[in-house]
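Worksheet for the structure shown next.
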Amino acid sequence: MERIPVTTRSPDIETIAAGSLALLPHWGCIDADGPDVEAFLQAQLTSDVAAIAPDGVGIGGYCTPKGRLLATFVLARRPAGFRLLTSRDVRQATAKRLSMYVLRAKLKIHDRGEDVAVLGVWGDAAPGALAQAGLEPPAEGHAVWRDEACVLALSPVAAGGRNIGRWLVAAPADQAAALADRLGQQLAPASAEVDLWLEVLSGVPRITEATREAYVPQMINYELVGGVGFRKGCYPGQEVVARTQYLGKLKRRMFAASLASRPPDEAAWAPGTPVLADGAQEPVGSVVLSAPAPGDGVALLVEYRMQAAAGAVLRVAGEPLVAGELPYAVPDTAAAAG
């Protein structure tokens, strides 16, 4: 994998928007294949897996019986099943747990481990670079396959007055190295922090080891971004998720925020870090995802109790949070602190 362009520095927004590339070690891959795979995943995940088109991309969560998220996925339908991209640090445990419930169903769960690498490709030059590398760039919400390699088109995000397209390339590790060589002829090398930053801006949460079993889907807006299907059948935690949706008022939500300056200790603003409110004895929430912003500062997705946070100054790592804006509407935002 050493041939993949790697840099520890994040380029500026203009360079990212023009066209950039990075290896993404924080993504892991699970493949699920077999005649019963759609029915199996439909009965295990929060989203309507059956509604994903033949060349489509979706998302989904995997819950405990108590409705707490163990993992979230980007799902791409493949000829014999599905590819599930998830946080690398929960990949192994998630694949093992899914395998336990296969029983007599005709499918196999494959933990791809280090065999599959994931590349991030962004910006205006990305479609042309992908095409020249022999990978047809799919439209948003779709995937293109070439043998065991796939390209997934995620939703673009707005940053710095630019609309930045995003693609993930998940391919066998040896192929990924060769693909990166070709893509790197037209795209600027970047760090994996770019993918994390764009992911935060997208407002689509991702569960990591630090936040495993911390949230019911609605606490992190997962139903607002298409991650929960309320008209499908049962799945682990479905009763809790449905009860949260239809009975009572949700007291916790996820919001965008930022830190104006970047604390030197990354652990101080990593996922799972408490969100504190001035005057409160206990944390009112936690960091869901975080990423260094180009230049300086930190971009964050934070979850908190809206009533406890109302009117208070919220802090992470001792620094005040600057309220951000998600690319979708969140119910009950009037009760949230700015």
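Rule-based calculations on the coordinates, nothing more; no lab input. Since the model is a prediction, treat every value here as computed from it, not as a measurement. A quick note on method: Cβ atoms are made from the backbone with ideal geometry, for glycine too, and the neighbour counts reach across all protein chains shown.
What lysines does LYS96 reach when the alpha-carbon gap must be under 22 Å and sequence neighbours fewer than 8 apart in one chain are set aside? Cα-Cα hits under 22 Å: LYS66, LYS106, LYS108.
What does the highest-first list of 220-226, 261-267 look like by mean Cβ count within 10 Å?
Numbers: 220-226: 21.4, 261-267: 11.3.
With the highest mean Cβ count within 10 Å placed first, the list reads 220-226, 261-267.
Computed on segment 1-110, with alpha-carbon pairs under 8 angstrom and 6+ residues apart, the relative contact order is 30 percent.
When both bridge partners sit in the chain, DSSP labels roughly 95% of those beta bridges antiparallel. Rounded to the nearest 20, the size of the Cβ-charge dipole of the chain about its Cα centre is 1080 debye, with Lys and Arg at +1 and Asp and Glu at -1. Once the dipole of the chain is set up with Lys and Arg at +1 and Asp and Glu at -1 on Cβ about the Cα centre, which of ILE13, THR86, CYS234 lies farthest towards its positive end? Positive-end residue among those listed: CYS234.
Each residue, ASP296 and PHE230, gets one label point 7 Å from its Cα in the Cβ direction; the gap between the two is 4.4 nm. Going Cα to Cα from LYS232, which aspartates and glutamates come in below 14 Å? Please leave out same-chain ones fewer than 8 positions away. Within the straight-line limit of under 14 Å, LYS232 reaches these aspartates and glutamates: GLU38, ASP48, GLU223.
Over segment 216-338, what is the relative contact order in percent, taking alpha-carbon pairs closer than 8 angstrom and at least six residues apart?
Numbers: 210 pairs, mean separation 32.9, N = 123.
27 percent.
The trypsin sites (Lys or Arg not before Pro) of segment 6-112 meeting both criteria, a DSSP state outside H, G, I, E and B (loop) and at most 14 other C-beta atoms within 10 angstrom of the site's C-beta, are ARG9, LYS66, ARG104, LYS106.
Straight-line cross-link partners of LYS251 among the aspartates and glutamates, defined as a Cα under 12 Å from its Cα and at least 8 positions apart when in the same chain: GLU303, ASP332. GNM on the chain, alpha-carbon springs under 10 angstrom: the most fluctuating residue among GLY28, GLY184, GLY134 is GLY134.
If the chain linking ALA310 and GLU325 were pulled fully straight, counting 0.36 nm for each residue of separation and taking away their Cα-Cα distance, it would gain 3.7 nm. Against the empirical curve 2.2 N^0.38 Å, the C-alpha radius of gyration of the chain lands at a ratio of 0.97. Rounded to the nearest 20, the Cβ-based charge dipole of segment 143-271 about its Cα centre (Lys and Arg +1, Asp and Glu -1) stands at 800 debye.
Peptides 118-129, 156-167, ordered by how many other C-beta atoms sit within 10 Å of their residues on average, highest first, read 118-129, 156-167.
Springs between Cα atoms under 10 Å define the GNM used for the chain, and in it the highest mean-square fluctuation of ARG212, ARG315, ARG146 occurs at ARG146.
Treating the beta-carbon of each Lys and Arg as +1 and of each Asp and Glu as -1, no other charges, what is the dipole magnitude of segment 249-338 about its Cα centre, to the nearest 20 debye? Kindly include the intermediate steps, with their values, before the conclusion.
Details: 7 positive and 9 negative charges, 75 e Å.
The calculated dipole for segment 249-338 is roughly 360 debye.
With both labels modelled 7 Å from their Cα along Cα-to-Cβ, the GLU266 to LEU250 distance reads 3.0 nm.
Modelled label positions at ASP115 and GLN175, each set 7 Å beyond Cα in the direction of Cβ, lie 1.3 nm from each other.
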